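Take a look at the structure below.
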Amino acid sequence: MRVLVTGGAGFIGSNFVLRVAATRPHWQITVLDALTYAGDRANLEPVAGHIDFVEGNVASAEVVDRLVAATDMVVHFAAESHNDNSLSDPWPFVESNIIGTYRLLESVRRHGKRLHHTSTDEVYGDLDLDDPQRFTEATALNPSSPYSASKGAADLLVRAWVRSFGVRATVSNCSNNYGPFQHVEKFIPRQITNVLWGIRPKLYGQGRNVRDWIHVDDHNDAVVAIVEQGRMGETYLIGADGERDNRQIVSMILQLMGKPDDWFELVGDRPGHDLRYAIDSSKLRAETDWRPRYDDMRAGLRTTIDWYAVNEPWWHDAKLASERAYARIGR
Ligand code: NAD
Ligand code: DAU
């Protein structure tokens, strides 16, 4: 089976490629990635001899059509992914996330190919801290930021192409991922690398916002399960019952890294900051054999901390650039 992986040099995409290269050796993988600031071809070094790599933009009709024509299935990860960046400059989010998904949809429609679109729980907006409900596939889309609105727009395009044109596609909406190769602009790697450099972790607002954490390998295993066992045209929510507020995460990082529990700083809040995400993944668990394997977040964080501690050359320059960008917005 020929599989085109868009965004395969980013955090989740590169973990996906490394994983399926080991678990699905019969998949012939081609990665399409624009190598933005968030993509690093070196992530794919261990499988470089076993995959094809194309540097290109998913919003470019010509490159997308050529690659889709030569594949059986597309697994679509390519996107601008950081909320804070979408508040500073929304355009790349519109281009990569909406137009990029549109280009893929038109191409898979033309060539009769299968598409899996990876999206986010953020398309559903946020929940109150004490709301007993969690997001399900029936929750109405209600995105808050330019990033989540661009992902919601892409999800709706996929649903429309399924219904109107009979495109063979599935969608997954996953909660917050953590693990190796995550860009240091994101919450967990930012705090780990702060501590490694002797800087206090920085919590937005009062640090009480809740995210539903999942290890990146559990997310990627769920994507494989949906591709192999999911029903065509369906949406699946992916989550591992990992709700924690940001203070709890910082507290675990500080403990694991040998720092006092109050060694953090409260900084200004993100405008429009979503309060809480929480996923009900019953449908995925009922229709596939997927189950999360990382049920101990402390253990998952420990290996993630170890990875950042030994891979400083991978993140050093990105950290300097990312902290300059945070300094400009006062966070
Ligand atoms: P990332 O920013 O780490 O990686 C994105 C990758 O896409 C990079 O390699 C980048 O170079 C590439 N890319 C960006 N624009 C492109 C374009 N126009 N053409 C080709 N390549 C392009 O993001 P991530 O965290 O790995 O997220 C991957 C996908 O998963 C995204 O669609 C994101 O919305 C979704 N998602 C992420 C999370 C999370 O917690 N990180 C959770 C749920 C869903
Ligand atoms: O829910 C899935 C989404 O999770 C994905 O779609 C996004 O691509 C991914 O970036 C992530 O979005 P968040 O905005 O939740 O992640 P981020 O890592 O930016 O922030 C996580 C939480 O931590 C959020 O409440 C903001 C807070 N935060 C973030 C940073 C960078 C801090 O308190 N301090 C920080 O320095």
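Of all residues in the stretch 257-273, none that is β-branched (V, I, T) has its Cβ atom under 6 Å from the Cβ atom of a residue that is more than 12 Å from ligand 2 (Cβ to nearest atom) and at pLDDT below 95, 6 or more apart or on another chain. Report yes if G179 is more than 14 Å from ligand 1 (Cβ to nearest atom) and at positive phi, otherwise no. In short, no.
The numbered conditions (1) over 26 Å from A278 (Cβ atoms); (2) within 15 Å of ligand 1 (Cβ to nearest atom); (3) of a type in the set (V, I, T) are all true for V158 except (1).
Regarding the stretch 69-85, can at least one residue be identified that is without any contact (Cβ under 8 Å) to a residue 40 or more places away in the chain, under 18 Å from the mean Cα position of the chain (by Cα) and under 20 Å from V31 (Cα atoms)? No, the stretch 69-85 contains no residue that is without any contact (Cβ under 8 Å) to a residue 40 or more places away in the chain, under 18 Å from the mean Cα position of the chain (by Cα) and under 20 Å from V31 (Cα atoms). When restricted to residues that are out of contact with any strand residue (DSSP E or B) (no Cβ under 8 Å at 6 or more places or on another chain) and among the charged types (D, E, K, R), the stretch 166-185 contains 1. Identification of strands (runs of 3 or more DSSP E) wholly contained in the stretch 188-295 with 2 or more residues that are buried (at least 21 other Cβ atoms within 10 Å of the Cβ) yields 210-212, 235-238. Restricting D317, D261, D289 to residues that are charged (D, E, K, R), more than 13 Å from ligand 2 (Cβ to nearest atom) and in contact with a Ser or Thr (Cβ under 6 Å, 6 or more places away or on another chain) narrows the list to D261. If you filter the stretch 104-135 down to residues that are more than 29 Å from T71 (Cβ to Cβ) and within 16 Å of ligand 1 (Cβ to nearest atom), you find that the one that is most open to solvent (accessible area, probe 1.4 Å) is R134. Scanning the stretch 68-103 for residues that are away from ligand 1 (no atom under 13 Å from the Cβ) and part of a helix (DSSP H, G or I), we see that the one that is least open to solvent (accessible area, probe 1.4 Å) is V68.
Residue count for the stretch 24-51, restricted to those that are open to solvent by 40 Å² or more (accessible area, probe 1.4 Å), outside any loop (DSSP other than H, G, I, E, B) and more than 17 Å from P180 (Cβ to Cβ): 4. Taking first residues from the stretch 308-331 that are basic (K, R) and within 16 Å of ligand 1 (Cβ to nearest atom) and partners that are open to solvent by less than 70 Å² (accessible area, probe 1.4 Å) and in a helix (DSSP H, G or I), the Cβ contacts under 8 Å between residues at least 6 apart in sequence or on separate chains come to K319/T193.
Looking across the stretch 52-67, just one residue is open to solvent by 50 Å² or more (accessible area, probe 1.4 Å) and aliphatic (A, V, I, L, M), and that is A61. Against the list (1) touching a helix residue (DSSP H, G or I) at 6+ places or on another chain (Cβ under 9 Å); (2) of a type in the set (S, T, N, Q); (3) away from ligand 2 (no atom under 11 Å from the Cβ), the condition N173 fails is (3). Residues in the stretch 104-125 that are assigned to a helix (DSSP H, G or I) and within 16 Å of ligand 2 (Cβ to nearest atom): D121, E122, V123, Y124.
Candidates L156, L141: the one that is at pLDDT 95 or above and either assigned to a loop (DSSP other than H, G, I, E, B) or small (G, A, S) (or both) is L141.
The values are calculated or read from the model by the stated rules, or taken from the named source; none is laboratory data. Since the model is a prediction, treat every value here as computed from it, not as a measurement. Ideal geometry is used to build each Cβ from the backbone, glycine not excepted, and the neighbour counts take in all protein chains shown. Side chains included, ligands, DNA and RNA excluded: accessible areas come from the protein's heavy atoms. Shrake-Rupley method; radii C 1.70, N 1.55, O 1.52, S 1.80 Å.
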